[in-house]
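Heads up, the thing below is written out as structure tokens.
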Amino acid sequence: MRSTVIRLLFLRSFVVVVAACESSKERAEKHFQSGMALLEEGEVERGLVELRNVFDLDPTHLEARRLYARTMLDLGRTREAYGQYLRLVEQSADDLEGRRALAELAVASEDWEEAERHLARAKELAPDDVRVQAVDVVMRYRQSVIDEDD
């Protein structure tokens, strides 16, 4: 009898935890939708607050992470944008926008090793992408200058 009670309590706890997870994801999605709407209306700071609320509820929400990073970049907050894009590609290694942005930002800050790392993956993902090709040209030009190769 006692083991039956324990099992029932465990099962009930499990159901409550699962239900909380689903509602957490749903709440995160509502914050995301609100954040997108606010950004579209020009309410940037309020939109960013909503996106940060998404991360509190669902740190793996890729679309929110991408939008937040893009917005940071648009605002000229390159350091924060870089950090957000880095989190994005840590969660989704095949995210082209993230890899491309990281390569471009690394070139702009002359972090050549990071630029090469992100460019290599971006080239695997989209070798015909114009922005990827532009970063590749910059990297090859830099190497030819180092090598004194006319």
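Quick notes on this structure:
- Yes/no for PRO127 being out of contact with any Leu (no Cβ under 7 Å at 6 or more places or on another chain) and under 22 Å from ALA28 (Cβ atoms): no
- So GLU148, is it of a type outside the set (A, V, I, L, M, F, W, C) and in a helix (DSSP H, G or I): no
- Residue match in the stretch 64-85 (condition: over 25 Å from GLY35 (Cα atoms), open to solvent by less than 80 Å² (accessible area, probe 1.4 Å), out of contact with any Cys (no Cβ under 9 Å at 6 or more places or on another chain) and among the basic types (Lys, Arg)): no
- Members of the stretch 50-63 found to be closer than 20 Å to ARG77 by Cα and open to solvent by 70 Å² or more (accessible area, probe 1.4 Å), listed by number: ARG52, GLU63
- Of GLN91, GLN133, all but one fail to be among the polar types (S, T, N, Q), touching a Pro at 6+ places or on another chain (Cβ under 9 Å), under 30 Å from SER23 (Cβ atoms) and open to solvent by 70 Å² or more (accessible area, probe 1.4 Å); the exception is GLN91.
- Residue match in the stretch 113-123 (condition: among the basic types (Lys, Arg), in a helix (DSSP H, G or I), buried (at least 16 other Cβ atoms within 10 Å of the Cβ) and in contact (Cβ under 8 Å) with a residue 12 or more places away in the chain): yes
- Among the residues listed as GLU45, GLU41, GLU50, the single one being at pLDDT 65 or above, of a type outside the set (Phe, Trp, Tyr) and over 23 Å from TYR85 (Cβ atoms): GLU41
The values are calculated or read from the model by the stated rules, or taken from the named source; none is laboratory data. What you see is a predicted model, and the numbers here were worked out from it, not measured in a lab. Note that each Cβ is placed from the backbone with ideal geometry, even for glycine, and that neighbours are counted across all protein chains shown. Keep in mind that these areas ignore ligands, DNA and RNA; they rest on the heavy atoms of the full protein, side chains included. Shrake-Rupley method; radii C 1.70, N 1.55, O 1.52, S 1.80 Å.
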